[in-house]
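Take a look at the structure below.
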Amino acid sequence: MTPQRYEQITGWFAAIAGAADFCTGSGLVVAPVMTLRLMGVPPPDGDLVFLRFLGAFVGAVGFSYLRALWRKCRTGNGALLHATFEITTLFRLAAGAVSTWLIVRGWLAPAWTSVPVTDFLLAGGQMWLLRQGALSARTRE
């Protein structure tokens, strides 16, 4: 595959991951019960304040992809997108590990399995793209 093709894949990857996280996070803040139902997850009983807080974090992670992609498209400089891929890989691995542990312990319903699956797949995709040089030094300068 050519470096330009990796650049295209990276752009689409950032756009999809960013939009998905931003929309999910915003939904968890504004309409948490509806968002969980759309995810196929039963809403918890009681106060949803921590779920809204989690939504703010998820939305911010999504926005970071979109902001970095916008900057790369505007300036041609991929340094921020490279840094975003590096740091969000760690966030996704942590979120995937913790949510897997919570599901295994029975503290989250099995319906939450889509969360660690998504996080691990996206983290893996990001690591692969970074290793392929998708955000090479040429695009970071």
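No lab work stands behind these numbers, since they all come straight from the coordinates. Keep in mind it's a predicted model, so treat the numbers as computed, not measured. Using ideal geometry, Cβ is built from the backbone for each residue, glycine included, and neighbour counts are taken over all protein chains shown.
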>> Within segment 68-79, take every residue that is crowded, with 17+ Cβ neighbours inside 10 Å and not small (Gly, Ala, Ser) and give me the one that is nearest to the chain's Cα centre (by Cα).
In response: 69
>> Can you pull out every residue in segment 43-64 that is touching a Leu at 6+ places or on another chain (Cβ under 7 Å), without any contact (Cβ under 8 Å) to a residue 24 or more places away in the chain and surrounded by 15 or more Cβ atoms within 10 Å (Cβ to Cβ)?
In response: 51
>> Return the residues of segment 1-42 that are surrounded by fewer than 15 Cβ atoms within 10 Å (Cβ to Cβ) and among the charged types (D, E, K, R); say none if nothing qualifies.
In response: 5, 37
> How many residues are surrounded by 17 or more Cβ atoms within 10 Å (Cβ to Cβ) and β-branched (Val, Ile, Thr) if we restrict to segment 80-127?
Replying inline: 7
> Before we move on, is residue 25 under 28 Å from residue 135 (Cα atoms), part of a helix (DSSP H, G or I) and in contact with a Phe, Trp or Tyr (Cβ under 6 Å, 6 or more places away or on another chain)?
Replying inline: no
> Between a first residue in segment 16-36 that is free of Cβ contacts under 8 Å to residues at least 12 places away in the same chain and a second residue that is crowded, with 20+ Cβ neighbours inside 10 Å and not in a helix (DSSP H, G or I), which pairs have beta carbons less than 7 Å apart while being 6 or more apart in sequence or on different chains?
Replying inline: none
